[in-house]
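Heads up: the structure comes next, in structure tokens.
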Amino acid sequence: MPDVIKKPSPEIFELFDNPCPERDYIITHVCPEFTSLCPKTGQPDYGTLTFKFIPDKLCVELKSLKFYLQSYRNEGVFYERLTNTILDDLVSVMKPRCLRLTAEFTPRGGLHSIIVADYVAPGYNPPANF
């Protein structure tokens, strides 16, 4: 029997030690089938979420990231709140050197929305290719 989808919470995340903490390197995870609900109409919103980050001591395990993202499928939330909350939740547990979340939603009502939220750890200067 499948697990019950829980409310979005950073407690869902599982982490593992960064295998190369001495080096800056970029990790990109893409979720091309993200779903949430429009808080006004209750209709589904579809989008692609792209996570680009430079880890510090920890990395996020992909299965837990998938379960976390799936927990939004029954949540009514505006794109802007959604993007910033997901970024804040990941930063709170992973504590990366920097993280950019790009949320690109499919057109609705003739409009195509892209929301970009960034985090940079205090005192850290991201490389030019970030």
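Only the coordinates and a few stated rules stand behind these numbers; no lab work does. Since the structure is predicted, the reported quantities are computational estimates derived from the model, not experimental observations. Methodologically, a virtual Cβ is constructed for each residue, glycine included, from the backbone with ideal geometry; neighbour enumeration extends over all protein chains shown.
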Dipole check, the chain, charges on Cβ (K,R +1; D,E -1), about Cα centroid: among Leu65, Ile115, Phe16 the Cα furthest to the positive pole belongs to Ile115
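Quick check: net charge around Tyr25, other residues with Cβ under 13 Å of its Cβ, Lys/Arg +1 and Asp/Glu -1? Present the calculation step by step, with values, prior to reporting the outcome.
Working: positive: Arg23, Lys52, Arg97; negative: Glu22, Asp24, Asp56.
With Lys, Arg at +1 and Asp, Glu at -1, the neighbours total 0.
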So what is the relative contact order for the stretch 1-60, in percent, with contacts set as C-alpha pairs under 8 Å and at least six apart?
-> 41 percent
Structure-derived percent of Cα pairs over 23 Å apart: which label, when the choices are (1) 25; (2) 51; (3) 33 | (3)
Two-site label geometry, Tyr124 and Lys66: point separation in nm, points 7 Å out along Cα→Cβ = 2.6 nm
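Given the peptides 48-61, 113-126, 20-33, arrange them by the average over their residues of other C-beta atoms within 10 Å, most packed first. Don't skip to the end; give the middle numbers.
Working: 48-61: 18.3, 113-126: 13.4, 20-33: 11.8.
Result, highest mean Cβ count within 10 Å first: 48-61, 113-126, 20-33.
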Points 7 angstrom from Cα along the Cβ direction at Arg108 and Glu11: gap in nanometres?
-> 2.8 nm
Just tell me which aspartates and glutamates come within less than 16 Å, Cα to Cα, of Lys57; anything on the same chain fewer than 8 places away is out.
-> Glu14, Asp17, Glu22, Asp24
Between 0 and 90°, nearest 10: helix 79-94 axis offset from the chain longest Cα axis = 30 degrees
